[in-house]
Amino acid sequence: MAMAVSLEQYLIKNRVRYDIMTHPLTEYSMVTAQVTGVPADCLAKSVVLCDEHGYLIAVVPATHRLQLGQLRRQLARLLSLATESEIQSLSAIASWVLCRRWGRPMAWK
């Protein structure tokens, strides 16, 4: 999956260093870390979420699990995981969420 322009702009604006790598398709981010040789704590994964307002992507370290209940409370949205078919049909993401390790989300459109 290519990185969305809004996410890339956010990373550049906040001077976050990152590399984009291609890799074989894997089912789990920890496996991706293994096949790429990237330490898992240096690898980010994305989780597609949805609600009645649209879609969000949460970007979290590969070594962490998304705290969906906490994110729902912080954003005051009843988010759920998008289905595989929803993910495949998305042509554009309405907004993005970058979740930092300490669980404090930053959202923008």
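Key figures for this structure:
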read-out	value
Extended-chain gain in nm, criterion 0.36 nm per residue less alpha-carbon gap, residue 70 and residue 34	10.1 nm
Residue 63 versus residue 42: modelled label distance in nm, points set 7 Å from Cα along the beta carbon direction	1.2 nm
DSSP-assigned coil residues among trypsin sites (Lys or Arg not before Pro) in the range 1-75, each with at most 11 further Cβ atoms within 10 Å	15, 17, 65
Sequence of 87, 20, 12 once ranked by neighbouring C-beta atoms within 10 Å, starting from the fewest	20, 12, 87
Rg over Rh [alpha-carbon atoms, Kirkwood Rh] for the range 1-68	0.97
Order of 46, 89 under a 10 Å beta carbon neighbour criterion, fewest first	89, 46
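Readers should treat all values here as calculations from the given coordinates under stated rules, not as data from a laboratory. Please read these numbers as outputs of a predicted model, since none were measured by experiment. Here the Cβ is made from the backbone with ideal geometry for all residues, glycine too, and neighbour counts use every protein chain on show.
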